[in-house]
Amino acid sequence: MRLSLSPREAGALARSLRRRGPTLAALAEMAAHRFGSRTALVVGEATWSFEDLWGDAERLAAQWHREVLERPRTIVAACDGAPLVLAVLAAGRLGLDAWLANPRRIAALDGVAPRDALLVHPGDAPSWHAGPTVAASDVLSSARVPQPRIAGTRRVGRLVLMTAGTTGAPTPHVTKPFGVRGMRQLEGLHRRVGIASTDTVLGCAPLHHGHGVQLLAATLLTGATLVSSPGTRASTRLRLMGERGVTVVSGVPTQLERLVAQVEDSGAAPPTLRRIVSGSEPLDAALVARLHAAWGPVVMNAYGTTETGTVAVATPDDVERHPDAVGRALPGTQMGIVGHPQGSDAEGRVWLHGAGRTVITDDAGRIVDGSLTLLGRLDPRE
């Protein structure tokens with residue numbers, strides 16, 4: 001499924017890329033011109049159209065430029081939902097770097113994130129932070145206040161994603177996920193998963209997570225609606241699927257297991273889905289069988305890292321044959337087995353390349369005819 005752009009739409013994208021660089025902000029500005037009043041984002045009961053999302057981001061950027069920022073700074077968005085989306089887009093509008101962080105782990109950013117950054121957060125500012133702060137709850141109200149337009153910027157802001165930091169301090173990874181290679185990777189993800197402008201996508205991953213950001217980018221690129229639902233109960237997600245007409249669900253296996261268990265317990269027919277995209281955790285055969293019993297053979301398995309983004313996606317046919325299959329590399333990415341020539345059939349430790357980074361993983365895998373199947377985890381010391 002390739003993008004189909006009219007001359008007017010292609011022109012809007014080209015102008016956005018010239019003004020904002022190859023960034024999330026450029027995608028949002030292009031989407032505002034291309035998709036207008038269609039629903040872009042749903043968080044709880046609140047909705048944003050594509051034009052409203054970009055309009056709010058521009059107003060927020062103008063307010064921060066005039067009243068909050070004395071000089072250009074990094075923006076640390078330690079929040080989630082719509083405040084995070086608007087903060088990242090406003091940073092892109094201002095040409096500033098945006099760090100995405102788990103709001104429940106702000107203390108762990110001490111010594112990692114810039115101390116003088118503008119911090120957007122849901123609670124009290126941490127003691128280590130010396131810069132200006134904005135409460136996440138104030139972002140939405142500030143974004144609706146009319147503002148005079150501000151000048152453009154020649155600087156292209158970078159996006160900084162954080163590892164989870166479950167075994168230590170979170171590690172920042174500077175990336176330009178929508179550069180030339182990143183755009184190929186993003187469009188390849190769109191084609192592989194097959195997200196269409198008519199889709200409504202339920203995203204279970206937090207938007208500060210790499211998969212959440214990629215999903216947001218994919219919906220801005222294609223005109224699909226993103227229903228963001230991290231940290232909610234399976235019963236709530238199932239209700240949202242029916243109320244919002246969800247056609248694609250993206251989540252980790254743990255979330256998908258709870259969702260299908262809710263379907264099994266209710267005894268009611270579940271809403272129809274075109275795609276279920278699993279990622280970030282191993283997918284086992286028993287869960288695949290339960291998902292297929294509820295929704296048919298629509299399960300896909302995505303594979304990547306925080307540093308590389310999604311590198312490979314297994315099709316429903318791949319997953320039906322083997323649930324540990326993660327498929328072929330996306331355009332703009334590479335993968336292989338350490339110690340073996342790229343493109344050869346081999347078995348061993350997996351390496352990945354995407355978003356301008358190469359990572360040697362702790363996963364064992366087997367590549368046959370360019371398709372990767374995971375075989376389990378390896379000792380990182382080996």
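The table below lists the values:
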| quantity | calculated |
| --- | --- |
| Considering residues of the stretch 230-252 that are under 16 Å from Arg275 (Cβ atoms) and hydroxyl-bearing (Ser, Thr, Tyr) only, the residue surrounded by the fewest Cβ atoms within 10 Å (Cβ to Cβ) | Thr247 |
| Close pairs (8 angstrom Cβ cut-off, 6 or more residues apart or separate chains): among the charged types (D, E, K, R) in the stretch 330-347, part of a loop (DSSP other than H, G, I, E, B) and surrounded by fewer than 20 Cβ atoms within 10 Å (Cβ to Cβ) anywhere | Asp345/Asp369 |
| Out of Arg158, Arg104, sole residue that is among the basic types (Lys, Arg) and either farther than 21 Å from Gly210 by Cα or touching a residue at least 60 places away in the same chain (Cβ under 8 Å) (or both) | Arg158 |
| Breaking point among (1) surrounded by 19 or more Cβ atoms within 10 Å (Cβ to Cβ); (2) β-branched (Val, Ile, Thr); (3) over 18 Å from the mean Cα position of the chain (by Cα), for Val76 | (3) |
| Out of Val277, Val288, sole residue that is free of Cβ contacts under 8 Å to residues at least 60 places away in the same chain and outside the structural domain of Gly36 (by TED's automatic domain parsing) | Val288 |
| Residue in the stretch 265-280 that is more than 21 Å from Met162 (Cα to Cα), touching a Lys or Arg at 6+ places or on another chain (Cβ under 9 Å) and surrounded by fewer than 19 Cβ atoms within 10 Å (Cβ to Cβ) present | no |
| From Gly44, Gly81, residue being touching a Ser or Thr at 6+ places or on another chain (Cβ under 7 Å) and of a type outside the set (Lys, Arg) | Gly81 |
| Criterion violated by Asp345 - all others in (1) surrounded by fewer than 16 Cβ atoms within 10 Å (Cβ to Cβ); (2) in contact with a helix residue (DSSP H, G or I) (Cβ under 6 Å, 6 or more places away or on another chain) satisfied | (2) |
| Residue check, Ala82 within 19 Å of Gly212 (Cα to Cα) and assigned to a helix (DSSP H, G or I) | yes |
| Test: residue in the stretch 329-341 that is in contact with a helix residue (DSSP H, G or I) (Cβ under 8 Å, 6 or more places away or on another chain) and either surrounded by 24 or more Cβ atoms within 10 Å (Cβ to Cβ) or within 24 Å of Leu226 (Cα to Cα) (or both) | yes |
| Odd one out for Ile150 among (1) crowded, with 20+ Cβ neighbours inside 10 Å; (2) among the hydrophobic types (A, V, I, L, M, F, W, C); (3) at pLDDT 85 or above | (1) |
| Number of the exception - Arg192 against (1) modelled with pLDDT under 85; (2) touching a Gly at 6+ places or on another chain (Cβ under 7 Å) | (2) |
| So Arg104, is it outside any loop (DSSP other than H, G, I, E, B) and either more than 15 Å from Leu207 (Cβ to Cβ) or of a type in the set (Gly, Ala, Ser) (or both) | no |
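For every residue, the table says whether it meets (1) within 19 Å of Gly304 (Cβ to Cβ); (2) part of a helix (DSSP H, G or I); (3) in contact (Cβ under 8 Å) with a residue 24 or more places away in the chain; (4) in contact with a Phe, Trp or Tyr (Cβ under 8 Å, 6 or more places away or on another chain).
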position: Leu221; (1), (2), (3), (4): yes, yes, yes, no
position: Gly242; (1), (2), (3), (4): no, yes, yes, no
position: Val246; (1), (2), (3), (4): no, no, yes, no
position: Val249; (1), (2), (3), (4): yes, no, yes, no
position: Leu259; (1), (2), (3), (4): no, yes, yes, no
position: Asp265; (1), (2), (3), (4): no, yes, no, no
position: Pro271; (1), (2), (3), (4): no, no, yes, no
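This table checks each residue for (1) surrounded by fewer than 17 Cβ atoms within 10 Å (Cβ to Cβ); (2) at pLDDT 80 or above.
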| residue | (1), (2) |
| --- | --- |
| Ala143 | no, yes |
| Val160 | no, yes |
| Thr166 | yes, no |
| Pro170 | no, no |
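The values are calculated or read from the model by the stated rules, or taken from the named source; none is laboratory data. As the structure is a prediction and not an experimental result, all values here were calculated from the model. Cβ coordinates were reconstructed from backbone atoms using ideal geometry, including for glycine residues, and neighbour counts include every protein chain displayed.
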